[in-house]
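Below is one structure, written out as structure tokens, with a few remarks after it.
The values are calculated or read from the model by the stated rules, or taken from the named source; none is laboratory data. Since the structure is predicted, the reported quantities are computational estimates derived from the model, not experimental observations. All Cβ positions, glycine included, derive from the backbone under ideal geometry; neighbour counts span all protein chains shown. To get the accessible areas, we keep the full protein, side chains included, count just its heavy atoms, and leave off ligands, DNA and RNA. Shrake-Rupley method; radii C 1.70, N 1.55, O 1.52, S 1.80 Å.
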Amino acid sequence: MPRVRMKNVKNIVMIAHDSRKQDLLEWVKYNRAVLREHALFATGTTGTLIAQHTDLEVTRFKSGPLGGDQQVGARISDGDLDILIFFWDPLEPQPHDPDVKALLRIAVLYNIPTACNRPTADFLVACPHLPREYEGLALPVPEMLEVYEVLAAAEASASWIVWNNSLPCFL
């Protein structure tokens, strides 16, 4: 069975939609001491904002709508990024919504921890695995695709779907 392997220094990528950038910036400032111990990445404007308002070094991709989300997805699929912190706005339509959805799909397929809000991001940085090497089981992409096919077929008949460790449980 394939494994997810991460070194003790994690490659953490941060993305925020315009309406969530201040929230992400506040979160980064609050967690600066923990984040300083890891390699940080961000899409264009988010990375510039973090670099300007903190003393953290951030490697920047292009802005999300200009291909940054796709760059991040490619780096995830290459195994170069370990954690995705993505404060997206579910109430505001984005011109690059298909890219956003594709990025979130890639993060799930490649089993990288993903936080889409501040409480989940807090749990990730407080996790005892963060400062250590980590190895965990991972479904290979073809098997994960089979899980999604089963999910799609069962979704019509299941009244509730609960996700547990990235696997669906039907109630």
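Surface analysis of region 42-88 yields an accessible area of 43 Å² per residue, using protein heavy atoms and a 1.4 Å probe. Close amide-amide hydrogen proximity is noted between Phe61 and Ala42, Thr43, Gly44, each under 5 Å apart and 5 or more residues distant or on a separate chain (H modeled in the peptide plane; Pro and chain starts excluded). Once the C-beta distance of Lys29 and Leu137 is scaled by a Förster radius of 45 Å, the resulting FRET efficiency is 0.80 to the nearest 0.05. Rg and Dmax over the alpha-carbon atoms of region 1-146 stand at 14.5, 44 Å.
Using a 1.4 angstrom probe with every protein chain in place, what is the largest-first accessible-area order of Arg20, Arg36?
Numbers: Arg20 45, Arg36 115 Å².
Descending order: Arg36, Arg20.
Could you work out what % of the accessible surface of region 1-101 is carbon and sulfur, using a 1.4 angstrom probe and leaving DNA, RNA and ligands out of the count?
Values: 2560 of 5230 Å².
After summing per-atom areas, the C and S share lands at 49 percent.
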